[in-house]
1. In Å², what does the accessible area per residue of the chain work out to with a 1.4 Å probe?
2. Projected area of the chain, taken from the Cα convex hull and averaged over every viewing direction, in nm²?
3. Compute, for HIS72, the solvent-accessible surface of its heavy atoms (probe 1.4 Å) with the complete set of protein chains present, and express it in square angstrom to the nearest 10.
4. Which cross-chain or sequence-distant (5 or more) residues have an amide H under 5 Å from the amide H of ILE259, H modelled 1.01 Å from N in plane?
5. Accessible surface of ILE13 in the full protein assembly, 1.4 angstrom probe, to the nearest 10 Å²?
6. Give a residue-ordered list of calculated ³J(HN,Hα) values for region 331-338 (Karplus: 6.51 cos²θ - 1.76 cosθ + 1.60, θ = phi - 60°; whole Hz; x for Gly, Pro).
7. Holding the Cα-Cα limit at 27 Å, pick out from LYS15/LYS397; LYS130/LYS228; LYS15/LYS377 the pairs that are longer than that.
8. What distance in nm separates the two pseudo spin-label positions at LYS177 and ASP161, each 7 Å out from Cα along the beta-carbon direction?
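The values are calculated or read from the model by the stated rules, or taken from the named source; none is laboratory data. Note that the coordinates shown come from a computational prediction; the quantities given were computed from them, not determined experimentally. All Cβ positions, glycine included, derive from the backbone under ideal geometry; neighbour counts span all protein chains shown. Ligands, DNA and RNA are excluded from the accessible area calculation, which covers all protein heavy atoms including side chains. Shrake-Rupley method; radii C 1.70, N 1.55, O 1.52, S 1.80 Å.
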Amino acid sequence: MAKTTYLLEMNHIVKQFPGVKALDDANLKLLPGTVHALMGENGAGKSTLMKCLFGIYLEDAGEIFLKGEKIHFTNPKQALEHGVSMVHQELNQVSQTRVMDNIWLGRFPGNSLWVDEKEMYQQTKAIFDKLGIDVDPREKVGHLSVSQCQMIEIAKAVSYDAQIIVMDEPTSSLTEKEVEHLFRIINQLRDQGCGIIYISHKMEEILRICDEVTIMRDGKWIATHEAKDLTTDKIINLMVGRDLTHRFPPKTNKPGETILEVNHLTAFYKPTVEDASFKLRKGEILGIAGLMGSKRTELLETIFGIRHKEDGEIILHGKTIENKSAKESIKNGFALLTEERRKTGIFDVLDIKFNAMIANLPRYTNKLGVTNDQKIKEDTDWVIESMKVKTPSQKEKIRSLSGGNQQKVILGRWLLTEPEILMLDEPTRGIDVGAKYEIYQLIIDLANKDKGIIMISSEMPELLGITDRILVMSNGRVAGIVETKDTNQEEILRLAAKYL
Ligand SMILES: Nc1ncnc2c1ncn2[C@@H]1O[C@H](COP(=O)(O)OP(=O)(O)OP(=O)(O)O)[C@@H](O)[C@H]1O
Ligand SMILES: [Mg+2]
């Protein structure tokens with residue numbers, strides 16, 4: 001029997017994909033006027049459960065009640081019309097359309113022959129004003145930042161008068177300021193009685209913004225608690241099903257002599273990286289800290305040749321190199337794992353095998369141009385095993401993997417190239433706590449093989465946990481380089497604010 005006090009009840013949901021039981025008795029009970037976190041490791045079934053609610057997937061078994069009434073949506077439009085809306089993990093808006101068309105698509109004001117543009121503009125503007133969104137409704141979606149796109153999705157939810165809003169990893173690419181804005185909107189919606197389902201791997205956020213937490217493991221419901229009764233350690237314990245006493249593997253790497261020198265590097269388009277200098281040693285893990293917008297990504301992109309450099313030099317093994325393009329950089333022994341999965345060009349419809357080896361073709365092709373299929377298969381197995389990618393087989397389309405597992409395949413593909421200099425931009429974003437440990441171990445292993453590693457991270461514990469030194473960027477400049485063992489969070493934050 002469904003109780004009417006719940007806005008939403010999902011009971012005993014089962015969903016089987018070929019080779020994977022994504023959901024196996026999953027439950028969720030959402031109260032009105034609350035923010036409810038849905039947590040679990042990569043591949044636990046969080047996104048799948050929400051897609052069943054939203055009518056994207058059809059569950060094999062189980063029941064869904066909306067305000068006590070049994071429902072069964074067969075497509076997202078139905079869900080929206082019943083006040084259920086979802087901001088997806090991977091946004092897919094039509095980039096050539098205008099913002100307001102995107103919001104009112106399929107239900108334009110006016111009649112069937114004529115769209116009331118003025119009305120559409122005003123209604124959009126009214127919602128934007130209410131939410132504090134500063135975007136012109138006539139702007140093309142393609143011109144917006146990720147955070148603006150997300151705000152538009154939330155505005156769309158509000159325009160449908162949504163009572164339930166699902167947010168799947170909404171803050172993964174937002175700046176601190178944008179996160180604050182999002183949280184204000186979430187609070188506003190909660191006060192109006194909305195129920196918000198919030199999926200995230202960021203513990204601090206969960207404990208701050210959520211009222212209740214439901215934890216899933218292997219497609220199953222594990223527990224639901226009030227957030228005030230939980231701690232990070234308790235959540236981790238419930239997520240992975242065991243105590244994770246060590247968040248970081250032992251640091252066994254020993255930095256040796258300098259392999260890379262970057263001197264007075266300035267990028268071409270202003271405002272950007274200015275006069276950046278640092279050295280990287282063999283077997284060293286150099287962290288890069290800084291606030292969002294401090295141009296950390298731009299620094300790596302300039303070294304990698306994706307951005308033009310205006311000035312400065314890059315010296316590898318005592319020899320000046322140019323790195324004029326990504327191709328040249330890869331040849332010189334550099335690799336860059338970029339921040340945005342969608343922009344890194346994962347080949348959505350292709351299988352994991354292909355995605356794992358694409359960066360690596362020369363390794364599999366002999367002088368006659370014949371590819372070595374056995375080697376490809378072995379290496380792909382290595383990626384799947386060492387990164388613990390949750391998938392039934394190599395032939396699985398990467399699109400059907402969970403968000404975090406996609407990230408692991410891409411990271412694995414760069415690790416396979418065994419570069420001299422491995423540059424990682426937020427390598428553990430969207431990755432659960434258990435899998436993070438494996439990734440740290442792989443990074444340390446590479447350092448032990450004398451590779452030089454540069455790693456941007458916004459997670460302070462991670463920087464302090466596995467790096468040897470930390471370079472702090474502030475407003476496009478190097479504010480300081482500190483020894484990890486002698487520094488602390490306060491010093492890093494102070495440096496990050498140095499040139500603001
Ligand atoms: N369309 C699909 N076809 C086949 N398998 C799928 C499909 N969608 C999801 N899966 C599988 O179902 C399982 C659950 O995936 P889901 O995306 O729900 O995980 P998640 O909890 O959202 O993880 P993450 O934190 O990485 O986003 C995974 O093993 C995934 O590979
Ligand atoms: Mg997901």
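1. Numbers: 22660 Å² over 500 residues.
Counting only protein heavy atoms, the per-residue value for the chain is 45 Å².
2. 25.6
3. The value for HIS72 is about 100 Å².
4. Hits under the 5 Å cutoff: LEU280, ARG281, LYS282.
5. It works out to around 0 Å².
6. 4, 6, x, 9, 9, 10, 8, 7
7. Details: LYS15/LYS397 18 Å; LYS130/LYS228 30 Å; LYS15/LYS377 29 Å.
The answer is LYS130/LYS228; LYS15/LYS377.
8. Going by the 7 Å Cα→Cβ label model, 3.6 nm.
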